[in-house]
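Visitor: Next up is a structure, given as structure tokens.
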Amino acid sequence: MFRRAFWFTTGAAAGVWATTKVHQKLRRLQPDSLAAQAAEKAVETGHRLRQFALDVRAGMADREEQLQDALGLSEPAEVRELPAPRRAVLDTPYRTTRTPGLTGPTGNEDH
């Protein structure tokens, strides 16, 4: 008798547990629940993207500071001197590479 009562109680408990699990799964698959889960995931993804963008901006600022230090551009603008312009190249007169009157291998003037 006790053996039958034990197995009856065990079967009833397993049935209640399985029914509860099935109802939980069905509630999660309802449209309202799916929409809420999607909204939560979207908010979470938005937070992650925002944190990523902040990390990228901080990294860009650090790298820009490193490059300015490496190039010697970290001094204030008033103290920093600009390089002298290279006017020697600009002051040379324009020369043509052709000399008038030269002819090519065919005897005609090159164009």
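Yes/no per residue for (1) hydroxyl-bearing (Ser, Thr, Tyr); (2) modelled with pLDDT under 85:
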residue: Thr9; (1), (2): yes, no
residue: Thr20; (1), (2): yes, no
residue: Lys25; (1), (2): no, no
residue: Ala35; (1), (2): no, no
residue: Glu75; (1), (2): no, yes
residue: Val89; (1), (2): no, yes
residue: Arg95; (1), (2): no, yes
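Visitor: Can you confirm whether the stretch 8-19 contains a residue that is outside any helix (DSSP H, G or I), surrounded by 10 or more Cβ atoms within 10 Å (Cβ to Cβ) and not charged (D, E, K, R)?
Guide: Checked against the condition, which is being outside any helix (DSSP H, G or I), surrounded by 10 or more Cβ atoms within 10 Å (Cβ to Cβ) and not charged (D, E, K, R), the stretch 8-19 yields no hits at all.
The values are calculated or read from the model by the stated rules, or taken from the named source; none is laboratory data. Only a predicted model underlies this, so the values are computations on that prediction, with no experimental measurement involved. Cβ: placed from backbone, ideal geometry, glycine included. Neighbour counts: every protein chain shown.
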